[in-house]
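Asker: Take this structure first; my questions come after.
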Amino acid sequence: MSLVHAPERAAGHRDDLKTPTTESTLWFGPTDRPLFGWVHRPADGRAIGAVVLCPPLAREWTNAHYAYRLLAEHLAAAGMLAVRFDYDGTGDSAGEDGDPARVAAWLASISAAVELARGSGCPSVSLVGMRMGALLAAVATAGTGSIDGVVLWDPCSSPRAFLREQSALHRLALDDHPVAEGIVELPGMVLDAPTAAELSSLEIPEVRHPPARVLLLTRPGRQPQVDLAGALGAEITEGPALGQERLLDVDLAEREIPMETMGHIVSWLATPNPGPVGPVVVPRRESARIGAAGTSVTEQTVRIGPAGLFGIVTDPDDPRVSTTVLMLNSGNNSHVGPSRLWVDLARRWASMGVRCVRFDESGLGDSPTRPGQAPQVIRAPENFDDVEDARRALCADPADVAVVGLCSGGYQALEAALARPLRAVCAINPILHFTPPELAHGPMDPRRRICWPVGSFVGAYRLLAVEPVRRQLSKAVWRVAHLLHRRRNPAEWLDRLRAEAVDVLILCGVNEARSFGVEAYDTLATSDGDRVQIEVIEGLDHALVPAWQRADVASRMTEHLEKVLFLADPPAANDAGAPVHGPSEAVGR
Amino acid sequence: MAPTNDNGVPRLVNQELIVKEQIRTVVSEHARLSVPIEELGDDSDLFQAGMTSHASVSLMLALEETFEVEFPEALIRKSTFQSVTSIEHALLELGGVAA
């Protein structure tokens, strides 16, 4: 087993960082609603100042997450202590986005992070905020006092404009999905109506202690409606927010990190340099009690395997089963899952007695890369090692595991079950047809058992505009393909999973169901007693962006998990001689 | 007989042309199409021409500024921003364009 509970680690040698740094995780703030954060600092423990990074909201949080991680690492390498954190009800912090009085909770989160930074012993504290994070940082600055510098990075033109843009994006991306009344739904976030109204009318209060200086970075033609820097009453430096379109206004898989702007921010904050003080002190709170479904669960950060993958274990007070649920990345979304679904499910399932672990595969989210691996690569072959390391590190019996994933995570969950039998798999919208990244420089990794590499032939086939022709061609193509590659045929490998006594739930939309091949899909109908359940849900959004779809899928997954872990008879030895799963402490039979 | 301008062109037709050109200008500046707007007809599908959801939001905001209107929630749908013609119809409905 290779599992480290100590949350501190050296960031290791990085060519892009000029000095070594250390990073640690902690919970802080109110004990009954703990906030989750990261502290990055110079490895020698001495810092010239502290910087608190206020994240954007909703989908912009998702797109900016990796940029914030890099910015924090570079600030630490430049001699500063950087705190990045999740607002109350977001990311890994306690609470939910739909809770009441969010604006006050977000501002209180910034205040708590500032207190954390100030308590470290650093001589000064500055704030950086992007988009809504910039507006919240400006408001917090007015109320907090004694802030040295404030970086307003591509601030929204107003809170109302942010709500309008994001709710429009939600509607235009999904179109026909119903929009619930009484809530304002943004991509990746739901606000209750009073919170939305409060956010809309948010203004910077009278500044009691103006910051010493303000850096305002704006996109061309996108000046904030509010004179933010003027309202803060400080010396203003203006500059361009380069690369924001490619960071925020694109799908997550296509985003680019605005390194030039981040370099500007780091050098602005590092100047003037009063010289380091130290050692700075970072408190340790390595686990937290989190309220969930009327009870409480315990969360703890872990480092997994030789690569030191980052994960959070959610433990029940009263474990009811021996099985551990592993939750995988969806694309290059972080360990919080699609629109934070893994956080919600981990806490809900732990409250039911099931241990859950959400973690970042190598090069994604908050995990490091493996030697020679490029960061932010989806479906990397190293993901096979990542899942195997997690199984070995977190479970006494690596077969007594349920793996959950969406999109690339759904694919990897199915591969994990075929690599070594496990208890259960839940794959949502798994994509089986893609170009594995290793094909750019060599052959396909032999561990890929169910991937169908996508080539120019498929692209050409998709260009055929005439639907009936396309449909007929599709059938012919799949018939031939499945004959040539029988082992990759979903019907074949699903049979193998049945024989290995793996319980499989696949939830997918109509388009994703085609990953199983039109011909094969017609033959994949399953019965109630089958270990393999495939549910094709009409209109299911690939990333589960609509809140009602997340709720529906969460219910189906929970129902399946209960059936598999709590109600089913312990799996017996099968005819194929597959390993029998460890005894479950199942109840409620 | 329909009113005409100084050149004898019916005014309504002339206005429609001006509005369409204004819409086309806004589309070309904000829709981030993968093909030049000149290659698209008034009924061409802008989403098929490469407009993303993010770009359609930018387009919506730019149209609001240009025509001094605000799209209500009921009109914030893909079909509203599908083509130059559908945009024109929406603007007419909102009173941003004189009929």
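Here, each number is a calculation from the coordinates, and none is a lab measurement. Given the structure is predicted, the values throughout are model-derived calculations rather than measurements. Cβ sites come from the backbone with ideal geometry, for glycine too, and all protein chains shown count toward neighbours.
Asker: For region A:29-269, with only Lys/Arg (+1) and Asp/Glu (-1) charged at the beta-carbon, what is the dipole magnitude about the Cα centre, in debye rounded to 20?
Answerer: Its charge dipole is roughly 720 debye.
Asker: Also, quick follow-up: Counting only other chains, and only Cβ atoms inside 10 Å, what mean value do you get across the residues of A:51-57?
Answerer: 0
Asker: Another one. What's the Cα-based Rg to Rh of region A:329-445, Rh via Kirkwood?
Answerer: My calculation of the ratio gives 0.95.
Asker: Just want to confirm a number: the relative contact order over region B:11-94, from Cα pairs under 8 angstrom separated by 6+ residues, in percent.
Answerer: 34
Asker: May I pose another question? What GluC sites (Glu not before Pro) does region B:36-99 have in DSSP loop regions with at most 14 other beta carbons within 10 Å?
Answerer: In loop regions of region B:36-99 (DSSP not H, G, I, E or B), the sparsely surrounded GluC sites (Glu not before Pro) are B:GLU68, B:GLU70.
Asker: How would A:VAL532, A:VAL83 line up from fewest to most surrounding beta-carbon atoms within 10 angstrom?
Answerer: A:VAL532, A:VAL83
Asker: Ok, one more. Return the loop-located GluC sites (Glu not before Pro) in region A:248-329 (DSSP other than H, G, I, E, B) with at most 14 other Cβ atoms within 10 Å of their own Cβ; answer none if there are none.
Answerer: Here the sparse-neighbourhood loop sites are A:GLU256.
Asker: Shifting gears a bit: Per residue of A:157-170, count partner chain C-beta atoms within 10 Å of its C-beta, then hand back the mean as an integer.
Answerer: The per-residue average across the peptide is 3.
Asker: Within 10 Å of each Cβ of B:78-88, how many other protein chain Cβ atoms are there on average?
Answerer: Mean shielding by partner chains, rounded to a whole number: 1.
Asker: Shifting gears a bit: Among A:LEU422, A:LEU186, which comes first, second and so on when ranked by fewest other beta-carbon atoms within 10 Å?
Answerer: A:LEU186, A:LEU422
Asker: What is the order of A:LEU75, A:LEU561, fewest Cβ neighbours within 10 Å to most?
Answerer: In increasing order of surrounding Cβ atoms, one gets A:LEU561, A:LEU75.
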